[in-house]
1. May I ask you to say which residue of A:GLN152, A:GLN121 is of a type in the set (S, T, N, Q) and either modelled with pLDDT of 95 or more or touching a Phe, Trp or Tyr at 6+ places or on another chain (Cβ under 7 Å) (or both)?
2. Are any residues in the range A:331-357 buried (at least 21 other Cβ atoms within 10 Å of the Cβ), part of a helix (DSSP H, G or I) and in contact with a helix residue (DSSP H, G or I) (Cβ under 8 Å, 6 or more places away or on another chain), and if so, which ones?
3. Got at least one residue in the range A:160-176 being assigned by TED's automatic domain parsing to the domain that holds A:GLU294, assigned to a helix (DSSP H, G or I) and within 21 Å of the chain's Cα centre (by Cα)?
4. Looking only at residues that are charged (D, E, K, R) and surrounded by 20 or more Cβ atoms within 10 Å (Cβ to Cβ) in the range A:5-58, which one is modelled with the lowest pLDDT?
5. Quick check: anything in the range A:306-313 within 23 Å of A:ALA93 (Cβ to Cβ) and without any contact (Cβ under 8 Å) to a residue 60 or more places away in the chain?
6. Any idea which residue in the range B:365-374 is nearest to the chain's Cα centre (by Cα), counting only those that are surrounded by fewer than 24 Cβ atoms within 10 Å (Cβ to Cβ) and under 15 Å from B:LEU403 (Cα atoms)?
7. Say we look at the range B:117-160 and pick out the residues that are in contact with a helix residue (DSSP H, G or I) (Cβ under 9 Å, 6 or more places away or on another chain), within 13 Å of chain A (Cβ to nearest Cβ) and aromatic (Phe, Trp, Tyr); which of these is surrounded by the most Cβ atoms within 10 Å (Cβ to Cβ)?
8. Given the residues A:VAL267, A:VAL245, which is the only one that is farther than 17 Å from A:LEU362 by Cα and under 22 Å from the mean Cα position of the chain (by Cα)?
Protein chains: 2
Amino acid sequence: TVSDKHSQTSKDAIRPSCKVFFAKDPIKIVRAQGQYMYDENGEKYLDCINNVAHVGHSHPDVIKAAVKQMELLNTNSRFLHDNLVQYAKRLTATLPEKLSICYFVNSGSEANDLALRLARQYRGHQDVITLDHAYHGHVSSLIDISPYKFNQLGKEGKKEFVHVAPSPDIYRGEYREDHPDAASAYADDVKKIIEEAEKNGRKIAAFIAESMQSCGGQIIPPAGYFQKVAEYVHKAGGVFIADEVQVGFGRVGKHFWGFQLQGKDFVPDIVTMGKPIGNGHPMSCVVTTREIAEAFGASGLEYFNTFGGNPVSCAIGLAVLNAIEKEDLQGNAIRVGNYLTELLNKQKEKHPLIGDVRGIGLFVGVDLVKDQLRRTPATAEAHYIVHLDRILLSADGPHRNILKFKPPMCFTMEDAKLVVDQIDELLTGMQLAQCQTTPKMWKHKGTFTFSTHLYRVLLGHN
Amino acid sequence: TVSDKHSQTSKDAIRPSCKVFFAKDPIKIVRAQGQYMYDENGEKYLDCINNVAHVGHSHPDVIKAAVKQMELLNTNSRFLHDNLVQYAKRLTATLPEKLSICYFVNSGSEANDLALRLARQYRGHQDVITLDHAYHGHVSSLIDISPYKFNQLGKEGKKEFVHVAPSPDIYRGEYREDHPDAASAYADDVKKIIEEAEKNGRKIAAFIAESMQSCGGQIIPPAGYFQKVAEYVHKAGGVFIADEVQVGFGRVGKHFWGFQLQGKDFVPDIVTMGKPIGNGHPMSCVVTTREIAEAFGASGLEYFNTFGGNPVSCAIGLAVLNAIEKEDLQGNAIRVGNYLTELLNKQKEKHPLIGDVRGIGLFVGVDLVKDQLRRTPATAEAHYIVHLDRILLSADGPHRNILKFKPPMCFTMEDAKLVVDQIDELLTGMQLAQCQTTPKMWKHKGTFTFSTHLYRVLLGHN
């Protein structure tokens with residue numbers, strides 16, 4: 001986040017390298033509660049995207065835990081503290097047995113960077129396999145392995161130690177929903193990449209992937225893919241890093257972690273966490289096996305993180321875990337997530353602009369297309385649709401045409417209905433407009449309630 | 001910070017890659033206030049080292065500001081927020097005019113990594129000149145430029161794009177207190193490094209240095225050194241990065257920033273901040289010029305930091321700045337710092353083990369030597385001396401023989417006297433022991449009050 005002292009208004013003060021919502025007329029949010037945010041005029045916004053405010057904005061129990069510990073002690077971990085131990089036990093209890101060592105750090109970026117350091121130290125290899133369109137963080141080492149970023153830098157963006165595997169996207173990728181075994185087919189691509197790399201004398205340190213790709217377009221990899229990839233990567237002497245920064249902490253409902261969707265037989269070697277872990281407090285964690293941690297320790301380099309694992313962060317982390325449990329937010333993610341997906345699927349039947357609805361729990365994506373057959377990304381349309389009326393939604397993916405839902409976990413059925421009704425209204429209006437400007441096969445449905453602004457968007461005048 | 005779920009006690013739970021104080025019998029601190037920490041038995045410890053708890057542990061105004069904002073809103077900076085703008089204005093007001101753009105991030109490591117990205121983007125150069133023994137953070141890109149770390153990895157530790165300049169240490173370096181112009185001499189070494197690098201076709205992106213080296217041994221560079229280095233680095237197309245993570249925010253007393261000790265004519269191109277900025281809350285900042293920020297923006301890569309610059313962090317940052325001002329902590333740093341240095345200098349006259357006392361404000365180092373002439377580092381002795389009675393002090397530097405003072409800024413004259421009296425007592429006892437075991441020219445002074453443990457330390461049996 002960037003600010004310029006010479007600016008007079010807060011709008012100007014946010015510098016161009018950071019995108020703000022509603023960039024032309026940004027809103028100034030002054031308070032938030034649960035899944036709602038309020039601007040300076042008291043207007044209420046429904047938040048469909050803030051996966052950081054995981055247990056709800058301004059959660060009272062989280063604040064209480066923070067204050068209680070701040071009043072007592074907030075120091076680095078050169079001293080022992082029970083919070084650290086309790087928190088590590090609670091957190092690892094959500095994970096398979098062999099993931100037993102926690103490194104507490106301050107952000108998803110610090111977590112993924114440390115994961116790479118752990119992987120590279122473990123066997124002395126350097127190369128990393130990453131998925132196309134992946135984003136793993138903003139520090140130098142992660143820009144290197146984030147095609148979502150380095151592709152923007154042109155040909156020189158990709159370093160020689162980085163290998164990009166296709167995203168296991170069964171809607172837009174090479175192997176689609178009609179493929180008999182897309183999981184194996186995508187995993188075989190990773191195998192080929194490994195073989196090619198080894199032929200060139202390179203050695204794989206790690207395969208890294210979000211358990212579900214978020215910026216990459218709300219991609220849910222087919223079950224079995226991670227197991228097969230892990231097998232090939234292990235054979236090559238590398239480790240499997242599951243990046244749960246965006247999707248962890250019960251968002252998928254049925255499980256606490258996204259990678260668990262792949263099946264009980266899959267256990268990553270390293271799991272990285274972030275965003276939701278502290279409900280907005282800057283903290284994160286890397287969990288790994290004793291074997292990998294010991295190899296890291298054996299390097300002789302002490303790892304010290306000033307703020308990581310401080311008693312306040314740990315108290316907040318514990319309060320978040322408690323809230324998830326106490327308020328059955330995983331159950332809520334299943335119930336509301338199913339309902340949201342169901343509503344969106346009904347919209348899909350109704351609106352040809354919706355090419356695909358995919359989701360699990362409160363992680364849902366809607367792939368907008370100009371053409372159902374060719375699946376041409378409907379980028380401008382997605383850009384238009386996210387400008388809902390007092391609802392915060394965003395579009396992402398390589399073509400920025402995927403509507404992205406990842407709301408606070410207290411999102412309700414009513415909230416789901418509200419946002420889908422608005423999308424329906426917008427889509428209906430757009431189809432009408434489409435018919436009136438460039439008549440096609442679209443059916444007339446709903447009421448036309450839009451200003452000429454709509455036409456300008458669709459006709460590219462905006 | 002690392003934790004292991006299989007451990008039964010908090011002592012075992014802290015993994016080997018993180019050092020704790022009093023490693024053989026670590027203390028468990030449960031609360032802290034001002035410059036004092038308290039263990040689980042209610043024992044009080046004087047904190048001489050915690051520069052993170054800058055305005056004092058558990059500062060009530062900082063907590064109040066945090067709570068007030070947490071109850072309202074804590075979100076990412078995709079929205080505008082006044083706290084961000086106010087804070088950026090207050091922070092940049094402490095800096096020279098041209099340093100006007102703030103990037104808010106979460107840790108000193110994130111700050112230094114971003115500083116490197118800014119520098120590299122600015123002119124497209126890659127190489128970095130760093131000082132010997134420097135430590136700039138724990139992410140991959142910073143281990144690369146931290147000889148304090150990469151030297152432990154053997155010859156392969158240093159990457160080809162990294163150039164190590166001698167630390168401008170006028171006590172142990174090549175040019176010492178008796179040199180007519182040590183500042184120019186050390187800067188000339190940097191010039192030679194640049195020439196050598198250019199001869200090999202390499203291009204300098206940045207020179208990075210702590211304004212005073214902390215882990216490197218509490219080194220205060222001679223005034224004028226930075227100006228000359230900046231001149232050479234600018235000529236080579238690089239920028240000057242002043243790392244203020246350890247030493248900023250008024251610690252030096254006379255100035256708000258350490259680099260200001262060099263003179264009014266010196267302005268770095270990038271300043272990085274950390275530790276004290278949030279009094280323990282995970283936050284940090286990079287400040288740079290409009291020109292450098294614009295070059296970064298022009299890359300087309302959006303910079304987004306989930307937690308950076310959130311309203312809670314900004315509220316805390318503002319409260320810290322207010323406390324420094326309201327409580328005249330800079331004035332206190334001058335007064336108490338001068339007194340501490342004076343007391344330590346008296347000890348120097350008395351104890352030949354003290355080779356050098358150097359300090360400015362509440363940033364003070366005591367270089368312990370076995371031999372005043374040869375300045376042989378007294379490492380074991382320093383290790384012994386930091387184990388004071390209910391006083392937290394540490395030893396650092398390449399030989400771990402420098403006693404390091406960087407206490408909370410509310411440190412008092414009485415605190416200074418207490419710690420120096422204890423050091424006096426220990427040094428006196430050590431000299432006595434020395435005389436009794438390996439008689440030398442030491443003078444008998446003070447009372448001998450030590451157990452046989454002392455002998456074991458000195459004779460290397462421990």
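1. Every option except A:GLN121 fails the conditions.
2. Once the filter is applied, which keeps residues that are buried (at least 21 other Cβ atoms within 10 Å of the Cβ), part of a helix (DSSP H, G or I) and in contact with a helix residue (DSSP H, G or I) (Cβ under 8 Å, 6 or more places away or on another chain), the range A:331-357 yields A:VAL336, A:LEU340, A:LEU344.
3. At the first step, the residues of the range A:160-176 found to be assigned by TED's automatic domain parsing to the domain that holds A:GLU294 are A:160-176.
Those left that are additionally assigned to a helix (DSSP H, G or I): none.
No; the residues of the range A:160-176 include none that is assigned by TED's automatic domain parsing to the domain that holds A:GLU294, assigned to a helix (DSSP H, G or I) and within 21 Å of the chain's Cα centre (by Cα).
4. Residues of the range A:5-58 that are charged (D, E, K, R), as a first pass: A:5, A:11-12, A:15, A:19, A:24-25, A:28, A:31, A:39-40, A:43-44, A:47.
If we keep only those that are surrounded by 20 or more Cβ atoms within 10 Å (Cβ to Cβ) as well, we get A:5, A:15, A:47.
On the way: A:LYS5: 58, A:ARG15: 47, A:ASP47: 97.
Within the range A:5-58, the match that is modelled with the lowest pLDDT is A:ARG15.
5. Going residue by residue through the range A:306-313, those that are within 23 Å of A:ALA93 (Cβ to Cβ) are A:308-313.
Within this subset, residues satisfying the condition of being without any contact (Cβ under 8 Å) to a residue 60 or more places away in the chain are none.
No.
6. Filtering the range B:365-374 down to residues surrounded by fewer than 24 Cβ atoms within 10 Å (Cβ to Cβ) leaves B:369-374.
Narrowing further to those that are under 15 Å from B:LEU403 (Cα atoms): B:369-370.
Working: B:VAL369: 22, B:LYS370: 25 Å.
Looking at the filtered set, the residue picked out is B:VAL369.
7. Per the stated criteria, the residue is B:TYR135.
8. Numbers: A:VAL245 fails: farther than 17 Å from A:LEU362 by Cα.
Result of the check over A:VAL267, A:VAL245: A:VAL267.
The values are calculated or read from the model by the stated rules, or taken from the named source; none is laboratory data. Please read these numbers as outputs of a predicted model, since none were measured by experiment. Positions of Cβ are generated from backbone atoms using ideal geometry, with glycine treated the same way; all protein chains shown enter the neighbour counts.
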